Amino acid sequence: MTDQTRSQSGSAPALTRRQAYEQRLRRRSITIAAGSTLAVVLAVVLLVPLSRGWDAVKRSFFNGEVFAKTFPGLLDAFLMNVAIFLWCAPIIAVLGLLIALFRDVRSPALYPLRLFGAIYTDVFRGLPVILVIYLIGFGVPGLGLPRPWNSPYIWGSLALILVYAAYVAEVIRSGIDSIHHSQRAAAASLGLSDGDTMRYVVLPQAIRNVAPANMNLFIALQKDVALLSFIGPVEVFRQAGVYKSLLANFTPYVGAAVIFLALTIPATRYADYLMHKQRRRQS
Amino acid sequence: MAKLDLKGVTKSFGDNMVCRGIDLSVDEGEMVCLIGASGSGKSTLLRCINLLEPIDDGCILLDGVDISEPGLDPQPIRARIGIVFQSFNLFPHMTAAENVMLAPRRVLGKSRDALEGPVKTLFERFDLGQRMHHYPDQLSGGQQQRVAIIRALAMAPEIMLFDEITSALDPELVGEVLDVLRQLRSEGMTMILATHEMAFARELADKVCFLDAGRILEEGPPDTLFADPKEPRTRAFLKRVL
């Protein structure tokens, strides 16, 4: 039997009948996938230019000349997005962690913290980000604060921090809940205090479990920094708008999109990879 | 005076009364085995002794002092009573050595340096010297359970509780864990075991208690209880498991 299979499949690594069958199956599905993808791409490439408005769209959205002229400026402006992201992210992480811990306190004296945590997450997860940015970004400077303290950079960032900390807190809390109670029992049985149990046993595991989910939140934050443009800060989206008005052309928006994607696609892929790895470890 | 004395301990979960008045006394250096069907209250009783579950009524005396007194801080008492669980419950994000050192560092305030020597000795005593710096998922079930025992021993407890610690192990790994118990027995550790290992209980226990529906139905030295059980329910149970 084995001899026969070997002689049939011929040279070097002899395949069993099942392996040969699976290889045929695999090759067939690859061929089909490639064929159907090619058909769709061809249809788009051939059919879209046939539409009546294509020439106009091409001129105003995919203008190579405008792209080349504005792209360096857009990249410069994007540094502002990165800066805003960089000072918001650590504060969000710390605040989110604190709020998550507030919601886990058991002592009755600290009940106000628990209540605060619950109300906080409910309120800020329940509001559109842009609304919070408007309310805080226009509202607080309206108090008539002196020069450096009325900057939309400060209050816009605060709005992002408040909203995103609420989401991060919920993610961390779900991580805390996901740790089996037997871990707490084991820690308690050794005489560890509740605080030490949280700090050394529960939190390290919880945070690791929700790292991919948190990464997705920070990717969303990177995009939402663009919303600050509505209250003043000149970041890439706003800069693209300036170029658009200047050149009467929409290509700068495409340029901005390209910049965002260059950052967010690798980051999302990496988060997905982490999530996938984790699921495999848990199963 | 007995090392540990339980008097009329009762415990319910909602309507389910799991311990219905348990009296048990354990002397220093004694090894007591709790046997009985699943759900007879063995595990709950051990968790109550370690104060992981508050009891509803009765009292638990350790060296004559009531440790079940409501309002008493449980932490220093838990540090004196070690417990090992069926499912090991090691901390998966720490190496074996870190698992063992955490409580002595945080509860007894010892430094990592001061602990290094004694912890190494403990691991070597139980033949795990080579595995100290492995993570739990790199260890076999038997090795993990032995690390869990070492973790409890590192607090230098006066009593050790073992909650069916071989039940989650593959049969070929049970032996190495029972060997650890033999070793502790010979060193004079006071131990209470909830167990299904009847042969082991018969070989080593000073006293065997048969639990049925939350009560100790019958207790005595293993030779008497296994060879000549008085109660029909004990007889029926032993017939099923032996």
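The values are calculated or read from the model by the stated rules, or taken from the named source; none is laboratory data. Since the structure is predicted, the reported quantities are computational estimates derived from the model, not experimental observations. Note that each Cβ is placed from the backbone with ideal geometry, even for glycine, and that neighbours are counted across all protein chains shown. All accessible areas refer to the heavy atoms of the entire protein, side chains included, with ligands and DNA or RNA removed. Shrake-Rupley method; radii C 1.70, N 1.55, O 1.52, S 1.80 Å.
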Pairs, please: C-beta under 7 Å, at least 6 apart or cross-chain, first residue small (G, A, S) and in the range B:194-208, second in a loop (DSSP other than H, G, I, E, B) and open to solvent by less than 80 Å² (accessible area, probe 1.4 Å)? B:A194/B:E164; B:A201/B:T195
All but one of (1) in a helix (DSSP H, G or I); (2) open to solvent by 50 Å² or more (accessible area, probe 1.4 Å); (3) more than 30 Å from A:P252 (Cβ to Cβ) hold for A:I99; state the number of the condition that does not hold. (2)
Every residue in the range B:28-67 that is among the small types (G, A, S) and surrounded by fewer than 23 Cβ atoms within 10 Å (Cβ to Cβ), please. B:G29, B:A37, B:S38, B:G39, B:S43, B:G58, B:G64
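So which residues in the range A:259-283 are hydrophobic (A, V, I, L, M, F, W, C) and touching a residue at least 12 places away in the same chain (Cβ under 8 Å), if there are any at all?
A:I259, A:F260, A:L263, A:A267, A:A271, A:L274, A:M275
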If you go through the range A:210-230 one residue at a time, do you hit one that is within 14 Å of chain B (Cβ to nearest Cβ) and open to solvent by 20 Å² or more (accessible area, probe 1.4 Å)? yes
Please work out if A:Q205 is facing chain B (nearest Cβ under 7 Å), among the polar types (S, T, N, Q) and under 27 Å from the mean Cα position of the chain (by Cα). yes
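Return the residue satisfying two criteria in turn: it lies in the range B:84-108 and is aromatic (F, W, Y) and either within 8 Å of chain A (Cβ to nearest Cβ) or in a strand (DSSP E or B) (or both), and of such residues it is nearest to B:T121 (Cα to Cα).
Of everything passing the filter in the range B:84-108, B:F91 is nearest to B:T121 (Cα to Cα).
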Which one of these does A:D272 not meet: (1) surrounded by fewer than 19 Cβ atoms within 10 Å (Cβ to Cβ); (2) more than 30 Å from A:H180 (Cα to Cα)? (2)
Restricting attention to the range A:196-209, which residues are of a type in the set (D, E, K, R) and surrounded by 17 or more Cβ atoms within 10 Å (Cβ to Cβ)? A:D196
Applying the selection to the range B:166-182, what residues are open to solvent by 60 Å² or more (accessible area, probe 1.4 Å) and in contact (Cβ under 8 Å) with a residue 12 or more places away in the chain? B:D170, B:R182
So which of A:V163, A:V171 is crowded, with 18+ Cβ neighbours inside 10 Å and touching a Phe, Trp or Tyr at 6+ places or on another chain (Cβ under 9 Å)? A:V163
From the set of residues in the range A:104-117 that are modelled with pLDDT of 90 or more and closer than 19 Å to A:L203 by Cα, which is most open to solvent (accessible area, probe 1.4 Å)? A:R114
Counting just the residues of the range B:110-163 that are away from every other protein chain (no Cβ under 14 Å) and basic (K, R), which one comes out nearest to B:M191 (Cα to Cα)? B:R146
Within the range A:60-96, restricting attention to residues that are of a type in the set (V, I, T) and surrounded by fewer than 15 Cβ atoms within 10 Å (Cβ to Cβ), which residue is nearest to A:T264 (Cα to Cα)? A:V82
Conditions (1) out of contact with any Lys or Arg (no Cβ under 9 Å at 6 or more places or on another chain); (2) within 24 Å of A:I172 (Cβ to Cβ); number of the one not met by A:Q278: (1)
B:A168 passes all but one of (1) small (G, A, S); (2) away from chain A (no Cβ under 14 Å); (3) in contact with a Ser or Thr (Cβ under 7 Å, 6 or more places away or on another chain); which number fails? (2)
Cβ-Cβ below 6 Å, separation at least six or inter-chain, first residue in the range B:71-83 and facing chain A (nearest Cβ under 8 Å), second open to solvent by less than 80 Å² (accessible area, probe 1.4 Å) and part of a helix (DSSP H, G or I): which pairs? B:R78/A:S189; B:G82/B:A152; B:I83/A:S189
I'm checking my understanding of the structure. Among residues of the range A:110-135 that are more than 21 Å from A:R173 (Cβ to Cβ) and in contact (Cβ under 8 Å) with a residue 24 or more places away in the chain, which one is farthest from the chain's Cα centre (by Cα)? A:L135
Which members of the range B:37-69 meet the condition of being within 14 Å of another protein chain (Cβ to nearest Cβ), under 14 Å from the mean Cα position of the chain (by Cα) and of a type in the set (D, E, K, R)? B:R47
Filter result (free of Cβ contacts under 8 Å to residues at least 24 places away in the same chain and not aliphatic (A, V, I, L, M)) within the range A:136-176: A:G139, A:P141, A:G142, A:G144, A:P146, A:R147, A:P148, A:W149, A:N150, A:S151
Report yes if some residue within the range A:143-151 is more than 10 Å from chain B (Cβ to nearest Cβ), within 30 Å of A:L227 (Cα to Cα) and buried (at least 21 other Cβ atoms within 10 Å of the Cβ); otherwise report no. no
Examine the range A:180-195 for a residue that is under 29 Å from the mean Cα position of the chain (by Cα) and either more than 10 Å from chain B (Cβ to nearest Cβ) or surrounded by 15 or more Cβ atoms within 10 Å (Cβ to Cβ) (or both), and state whether such a residue exists. no
Between a first residue in the range A:232-243 that is assigned by TED's automatic domain parsing to the domain that holds A:Y153 and a second residue that is surrounded by fewer than 23 Cβ atoms within 10 Å (Cβ to Cβ) and part of a loop (DSSP other than H, G, I, E, B), which pairs have beta carbons less than 9 Å apart while being 6 or more apart in sequence or on different chains? A:G232/A:S151; A:P233/A:S151; A:R238/A:G232; A:A240/A:F250; A:V242/A:V234; A:Y243/A:N249
